[in-house]
1. Might you work out the accessible area of Ile4 for me, using a 1.4 Å probe with all protein chains in place, and round it to the nearest 10 Å²?
2. Kindly point out which whole DSSP H helices in the chain project their C-alpha atoms 27 angstrom or further along the helix axis while averaging a Kyte-Doolittle hydropathy of -0.5 or above.
3. Rank Asp64, Asp29 by accessible area, highest first, at a 1.4 Å probe radius?
4. May I ask you to rank Leu96, Leu57, Leu112 by accessible area, largest first, using a 1.4 Å probe over the protein chains only?
5. Could you state the per residue volume, in Å³, of the convex hull enclosing the Cα atoms of the chain?
6. Efficiency by 1/(1 + (r/R0)^6): what FRET value for Lys23 and Phe108, r their Cβ-Cβ distance, R0 = 25 Å, to the nearest 0.05?
7. Distance between the C-alpha centers of segment 1-36 and segment 94-121? Whole Å please.
8. What are the lysines whose alpha-carbon lies under 29 Å from the alpha-carbon of Lys28, with same-chain residues fewer than 8 places away excluded?
Amino acid sequence: HGIIAWAGMLSSYAGFYVIYTNKNSMGKDHYTTLHSKAGLAALVGSTMLGMAGGVFLHPDFGIDKQNGLIRAGHKWAARGMLGVAWLATLSGLQTLIGEEDVKGLVMFAAPLVLAAPFTLL
């Protein structure tokens, strides 16, 4: 799963680069909304988890691949990062549609809530 996770993070970093340079060109401040702060936290946290997983848990050359405590910590921290990423997604949508369109936000969030037990187990 590490290759797919790193591919997803690289595409997220590409999006981060585009957003960051776009804000620079428009003269806007960075990291002013919950969306931006949660997105940055998700990127940094996922990167740290990916590096730790690669060094410690890689099935071929991980230096502590059989350690159950590290595996459990990696698993639960990744679930937490997924929650932070969902927070970034929902807060970004709320920023786009505004706080009046509660129905639109609920319609977007419902599949995430329904998928949560399958994603987090």
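The values are calculated or read from the model by the stated rules, or taken from the named source; none is laboratory data. Just so you know, these numbers come straight off a predicted model, no measurement behind them. Cβ placement follows ideal geometry from the backbone for every residue including glycine, while neighbour counts extend to all protein chains displayed. Protein only, heavy atoms only, side chains kept; ligands, DNA and RNA dropped before computing areas. Shrake-Rupley method; radii C 1.70, N 1.55, O 1.52, S 1.80 Å.
1. 140
2. Working: long enough: 2-26 (36 Å, 0.54); 68-97 (43 Å, 0.71).
The qualifying helices are 2-26, 68-97.
3. On the way: Asp64 55, Asp29 110 Å².
Largest to smallest exposure gives the sequence Asp29, Asp64.
4. Details: Leu96 150, Leu57 20, Leu112 40 Å².
The ordering from most to least exposed comes out as Leu96, Leu112, Leu57.
5. Values: hull volume 13.7 nm³, N = 121.
Output value, Cα hull per residue: 113 Å³.
6. Working: r = 24 Å, r/R0 = 0.95.
The computed FRET efficiency comes out at 0.55.
7. 21
8. Here the lysines satisfying the reach criterion relative to Lys28 are Lys37.
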